[in-house]
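What follows is a set of notes on a single structure, which appears directly below.
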Amino acid sequence: MAKFLDLLQERVVLGDGATGTYLYELGAPLNQCLEELNLTRSELVTRVYQEYAEAGAQIIETNSFGANRIRLARFGLGHQVSEINWRAARVARDAVKGRDVFVGGSVGPLSLRPTDGEFSINDRKELFREQIGALLDGGCDLIFLETFTALDELLLALSVFQNLTNIPVVTSLGVSEEGRLASGEAFFEAVKTLRAAGADIVGINGTCGPQACIHLLSKLAVEEGDLLSVFPNAGKPEFYEGRFNYAASAEYFAATLPRLVEEGARLIGGDYGTRPEHIAAMAAVVRELKPVRVKKISLVIPRSRTEVTEPAIASSAPEEEVSILDLLKRQTVSIVELDSPKTLSMDKFLLGARALKEAGAAAITLADNSLAILRVSNFAAAIRLRQEVGVASLIHLACRDRNLLGLQSEIMGLGTLGFRHVLALTGDPAKVGDHPGATSVYDVNSVGLIKLLAGMNNGVNAVGRQLQGQTKFIIGCAFNPNALNLDSQVKKLESKLAAGAQYVMTQPVFDIDLARKTVARLKPLGVPIFLGVMPLLSSRNAEFLHNEVPGIKIAEPLRERLRHADDQAATRIGLEVAREVRDVALEAFRGVYLITPFLRYEVSVDLLK
């Protein structure tokens, strides 16, 4: 297998795409153990391997990611570890027989849960040894230790691998978009540690889309002989009609391929949501690309907090929060979203909120770890806004992170503190964010949450128990005008209104015709609508939103216009389009929902004029 490492030294090598999400797309049941398909439906797994090979993949990975004893035991298959992994390798070998394609054995983290009991280091080693050994017996050319979010567990798996064989190994990390593992280490530190431990190839997979992968690789220097792999997701998924759907197109993946190579990637494929057409589009480009052998980077020292020159100004909060619905009856109302920070530093956030209040924002709306990215609690941020800025908060409340008990406790807390404006959301799945090991709860969805809030307004909790008081929530709900089936979205919206929602906030709209169409569809509902307006800052910003963020679509003519503009001109274009959409919203509803990109609050201040 020195041939494989030699090949990587000479050229960029194309990997395959997703196995799991593609098997689901081909009809595998959502509640079935995918690795069991190696035994029960090997023809379906063979089809996946062959389609990727025909698309141009030079390496395919076995359908064995979760085939360790712990994870298989959850399906009653713990006694079949060796059989399932051996079969995974054999099915792959037979599928590409006669082709110049390598077979990589896929090994994921153990994913231990508290209910699984205590496992010593030796116990964990044995779990990895059992799986890796069976994959080697089945004839794998190399091993992928992939989507690990804890460095110590990956190092443990690597040490087990090294005691079994000397074939090549890919160690691939599930890293947040900010460049940290769930175990706390910075990406560049983890890469250095893995190389020192003897990993042949180090990389990223399973947690980020193409743009974030490019950003993460840009922070890594490349020395002669360094081998990097990257398998981006096809953006972030949107859950629709029982399936996760990924938006990033094959053309988009092909367009980002040269940039991944520029940042030093040698082994490139796709992960969640990618399909054979993504690999085929990349195959048409990859043969023209030359690997980067050496890349230097310059370190940027972040500004210290002492450099913030303008302090946040404290002011007293209003005695009682005025309803935005009452305000709408007599004036234009602008609600501005300003995300709470990803770190403990609140300075820029509070400065931005003060600027937005002075510019005329009626309320600051605070997302609840949107896109499942960790941020300071919006509940805490709302308290800081009240105490130090004196502005009303509209708090997003997602069902993802709290069970029914915790959700009600949070709602009661909001009520006792006098917060009134709440936006009820189902929430993006935890696995798509920066903590893929986190568990999504979803005891209720957005409709159930609206009913819960309405019940508390009537003085009862979820089980009908009296609360000895009533909350005074003004309940909002979300609407996505970018969906392919607008009629279906309107029906969902009607069910939310029937459950007790009193106003609507939409996903951002980037097209004047779509804005007018949305107005025409929603105005007859007779409820306040706050149309989402988000200024685009650059072509890269637009491509990321269109391809990687669920619920957002940007028309090709606008994206093409931005491609031919530098960042400064692109920001002007983005503001111009945002003003047009804003004006349509205000003409129809006298209210608008401004979404501040990247804490660039000065852009929202401009739109508030």
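Note on residue 97 and residue 137: with the Förster distance fixed at 25 Å, the Cβ-Cβ geometry gives a FRET efficiency of about 0.90.
Charge dipole of the range 453-564 (Cα centre as origin; +1 on each Lys and Arg Cβ, -1 on each Asp and Glu Cβ, all else neutral): 240 debye, rounded to the nearest 20. Applied to the range 553-568, the Karplus parametrisation 6.51 cos²θ - 1.76 cosθ + 1.60 on θ = phi - 60° returns per-residue 3J(HN,Hα) values of 9, 10, 4, 4, x, 5, 5, 5, 4, 6, 4, 9, 10, 6, 4, 5 Hz, with x for Gly and Pro. Relative contact order of the chain, taken over Cα pairs closer than 8 Å and 6 or more residues apart, is 11 percent.
In straight-distance terms, cross-link reach from residue 348 covers every one of the lysines whose alpha-carbon lies under 20 Å from its own, apart from those fewer than eight places away in the same chain; here that gives 357.
Between residue 25 and residue 556, the simple spin-label model (points 7 angstrom out along Cα→Cβ) gives 1.9 nm.
Here the range 444-599 exposes an accessible surface that is 51 percent carbon and sulfur, computed with a 1.4 Å probe and the other protein chains kept in place. Please tell me the relative contact order of the range 402-467 in percent, rounded to the nearest whole number, where contacts are Cα pairs under 8 Å and at least six residues apart. It rounds to 31 percent for the range 402-467. For Cα Rg over 2.2 N^0.38 Å, the value computed from the atomic coordinates appears in the list [x] 1.10; [y] 1.71; [z] 1.01 under label [z]. Shape class for the range 429-535, computed from the alpha carbon gyration tensor (a ≥ b ≥ c): oblate, with a/c not under 1.5 and a/b at or below b/c.
Per-peptide packing, taken as the mean over residues of other Cβ atoms within 10 Å, places 587-593, 52-58 in the sequence 52-58, 587-593 from highest down. Cβ-Cβ distance of residue 466 and residue 580, R₀ of 56 Å, FRET efficiency by 1/(1 + (r/R0)^6): the value works out to about 0.65. When each of the peptides 152-163, 520-531 is scored by how many other beta carbons lie within 10 Å of its residues on average, the order from highest to lowest is 152-163, 520-531. The charge dipole of the range 24-123, taken about its Cα centre with unit charges on the Cβ of Lys, Arg, Asp and Glu (plus for the first two, minus for the last two), comes to roughly 140 debye. Taking the 1.4 Å solvent-accessible surface of the range 34-145 as the whole, the part contributed by carbon and sulfur is 44%. A full extension of the chain between residue 9 and residue 387 corresponds to an added length of 130.2 nm, given 0.36 nm per residue minus the alpha carbon distance. Histogrammed with a bin width of 10 Å, the alpha carbon distances of the range 499-566 distribute as 18, 45, 26, 10, 1 percent, first bin at zero. In angstrom, the C-alpha Rg and Dmax of the range 191-280 are 14.0, 48. Remark: the residue 118-residue 380 segment gains 90.8 nm on full extension, using 0.36 nm per residue and subtracting the alpha carbon distance. Each residue of the range 596-609 is assigned a 3J(HN,Hα), and the resulting list reads 7, x, 6, 6, 7, 5, 5, 5, 5, 4, 4, 6, 6, 5 Hz, derived from the Karplus form 6.51 cos²θ - 1.76 cosθ + 1.60 (θ = phi - 60°), x at Gly and Pro.
Straight-distance candidates among the lysines for linking to residue 342, with alpha-carbon spacing under 21 Å and chain neighbours fewer than 8 residues away dropped: 219, 236, 431.
Solvent exposure of the chain, expressed per residue, is 42 Å² of accessible area, with all protein chains present and a 1.4 angstrom probe.
Here the alpha carbons of the range 336-492 define both size measures, Rg and Dmax, at 16.1, 45 Å. Rounded to the nearest 20 debye, the dipole magnitude of the chain is 1120 debye, with +1 charges on Lys and Arg beta carbons, -1 on Asp and Glu beta carbons, and the Cα centre as origin. Projected onto its three principal axes, the C-alpha set of the range 98-140 covers 45, 16, 11 Å, listed from the longest axis down.
The values are calculated or read from the model by the stated rules, or taken from the named source; none is laboratory data. Please read all numbers here as calculations on a predicted model, not as lab measurements. With ideal geometry, Cβ positions are generated from the backbone for all residues, glycine too; neighbour counts draw on all protein chains shown. The accessibility values were calculated without ligands, DNA or RNA, using every heavy atom of the protein model including side chains. Shrake-Rupley method; radii C 1.70, N 1.55, O 1.52, S 1.80 Å.
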